[in-house]
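Peer 1: Sending over a structure as structure tokens; questions will come in a sec.
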Amino acid sequence: MSVPFADLQLQYQTIKGAIDDAIAAVIRDNAFIRGSYVDRFERDFASAVSVEHCVSCANGTDALYLVMAALNVRPGDEVITTAHSWISTAAMITHAGATVKFCDTDGATFTIDPAAVEAAITPRTVGIIPVHLYGQPADMAAIMAIAEKHRLWVIEDCAQAHLAQFDGQAVGTFGAAATYSFYPGKNLGAMGDAGAVVTKDPELAERIAMLARHGGLVKHQHHIEGINSRLDGLQAAILSAKLPHLVGWTKARQEAAKRYDSALSQIEAIEIPQVVSGRDHVYHLYTIKHPKRDELAAYLASKGIQTAVNYPTALPFLPAYSRFGHRPEDFPHAFRDQSRILSLPMFAEITAAQQQDVVEGIRSFR
Ligand SMILES: *Cc1c(COP(=O)(O)O)cnc(C)c1O
């Protein structure tokens, strides 16, 4: 009895022919940088997530930077984001030149609390970056209402939320732009680093594309100062080969989550993920709460069951943000959660038997 946290090798084995063919085609066509495979993936991904324009880039971190740079974020600007995310979300606000303003989560969904967003707004605020953490959409109705009222832009960090929906509307279609990561372990993963921005706004899309490609779309014509952040042809072809499976993989994750929900809700001391009605969770991660998280994780590890903590320290309490001098009482939910959260094995191919082993492991923990 041993259950991996995720199993990328198994996913590869199920579609090995298509992946191997895709890689061979890129090598045959010498299409390593830009080229038809990248163009095709951008078109296909835009259509898969119901947005007009997709600009691919090197990773999900660059995607966040590129949107803010394209939106002309400036020193003195304040950008609001959640206390509970991967560090890229906050770090790119700083690298784009603005100041990070953290907000606590809502205490139930691990996503940003709209009331905290409203309270954090100052005359310097220019935008909000909600994160659809673990695959559950943030409260986009409330966030968009706040953004409209205060004339702020919204960038949705969709790195963990491919195909998630809020009230039947695809995530990534609410704000000015949305960013995706195709890090290998994400719900749609490359075989290396990869990312993208999607937006309805053609001018914003063009500016982002220029910034990602040395400041111009035509060689030697540099209209602005850009960076080098490109999706390579191999990753694009691999992603295109995987994309047709994303709907099925997402359903499989949701079914696995249902199985965990019904088994784990019988066990005292476990808090299963709370999903608000109208929010279509895609379970990049299935994260429970337990008061003795570290002991439980060690016990499961001794039984061969891999778990992970996403993330052990909430962003405001990381050394990277010590300059703000934040205290636990500033972000009580994020602070409380950081010592309780535990992500269980979750991947499209996980079997009911493997999940039963996880559940039995948790049940036998004392
Ligand atoms: C993975 C992730 C990122 C960064 O994506 P990379 O492709 O690893 O750079 C950003 N935000 C969130 C919420 C993520 O999970």
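The values are calculated or read from the model by the stated rules, or taken from the named source; none is laboratory data. In this text, all values refer to a predicted model and were calculated from it rather than measured experimentally. Reconstructed Cβ throughout: ideal geometry from the backbone, glycine too, with neighbour counts over all protein chains shown. Quick note on the areas: whole protein, heavy atoms, side chains included, nothing else; ligands and nucleic acids left out. Shrake-Rupley method; radii C 1.70, N 1.55, O 1.52, S 1.80 Å.
Peer 1: Per the 1.4 Å probe, what fraction of the accessible area of the chain, in percent, lies on carbon and sulfur atoms?
Peer 2: After summing per-atom areas, the C and S share lands at 52 percent.
Peer 1: In percent, what relative contact order does the chain have, based on Cα pairs under 8 Å that are 6 or more apart in sequence?
Peer 2: Computed value for the chain: 23 percent relative contact order.
Peer 1: Scan segment 197-289 for trypsin sites (Lys or Arg not before Pro) in coil per DSSP, keeping those whose Cβ has at most 11 other Cβ atoms within 10 Å, and list them by number. It would help to have the intermediate numbers written out before the result.
Peer 2: Numbers: sites: 200, 207, 213, 219, 230, 242, 251, 253, 258, 259, 279, 289; in loops: 200, 219, 230.
For trypsin sites (Lys or Arg not before Pro) across segment 197-289 that sit outside H, G, I, E and B with at most 11 neighbouring Cβ atoms in 10 Å, the list reads 219.
Peer 1: Once the dipole of the chain is set up with Lys and Arg at +1 and Asp and Glu at -1 on Cβ about the Cα centre, which of 122, 175, 60 lies farthest towards its positive end?
Peer 2: Towards the positive end, the residue furthest out is 60.
Peer 1: If you don't mind, another one. Positive end of the dipole of segment 8-244, charges at C-beta (+1 Lys, Arg; -1 Asp, Glu), about the Cα centre: which of 10, 50, 162 has its Cα farthest in that direction?
Peer 2: About the Cα centre, the residue reaching furthest to the positive side is 10.
Peer 1: With +1 on each Lys and Arg Cβ and -1 on each Asp and Glu Cβ, and nothing else charged, work out how big the dipole of segment 246-363 is about its Cα centre, in Debye to the nearest 20.
Peer 2: 140 debye
Peer 1: List every residue whose amide H lies under 5 Å from the amide H of residue 279, counting only residues 5 or more places away in sequence or on a different chain, with H placed 1.01 Å from N in the peptide plane.
Peer 2: 167
Peer 1: To make sure I understand the rule: partners must be aspartates and glutamates, Cα under 12 Å from the Cα of residue 149, and not fewer than 8 residues away in the same chain. Which ones qualify?
Peer 2: 118
Peer 1: Of 76, 195, 233, which is the most mobile in a GNM of the chain whose springs link Cα atoms less than 10 angstrom apart?
Peer 2: Per the Cα network of the chain with a 10 Å cutoff, 76 tops the list.
Peer 1: Kindly report the accessible area of the chain per residue (heavy atoms of protein chains, probe 1.4 Å, no ligands, DNA or RNA), in Å².
Peer 2: 42 Å²
Peer 1: Taking a 21 Å limit on the Cα-Cα distance, which of the listed pairs 186/251; 186/242; 186/292; 251/292; 16/303; 16/186 fall beyond it?
Peer 2: Going by Cα-Cα distance, 186/292; 251/292; 16/303 fall outside the 21 Å limit.
Peer 1: Using unit Cβ charges (K, R positive; D, E negative) and no other charged atoms, how large, in debye to the nearest 20, is the dipole of the chain about its Cα centre?
Peer 2: The dipole of the chain has a size of about 380 debye.
Peer 1: Just to check I understand the Karplus step: with θ = phi - 60° and J = 6.51 cos²θ - 1.76 cosθ + 1.60, what whole-Hz values come out for segment 96-110, glycine and proline as x?
Peer 2: Here the 3J(HN,Hα) series is 6, x, 9, 10, 7, 10, 7, 10, 6, 7, 7, x, 10, 9, 6 Hz.
Peer 1: Note down the nm distance, to one decimal, between modelled labels 7 Å out along Cα→Cβ at residue 40 and at residue 99.
Peer 2: 4.9 nm
Peer 1: Each residue of segment 296-302 in turn: what ³J(HN,Hα) in whole Hz from Karplus with 6.51, -1.76, 1.60 and θ = phi - 60°, glycine and Pro shown as x?
Peer 2: In residue order, the calculated couplings are 5, 4, 5, 5, 5, 4, 5 Hz.
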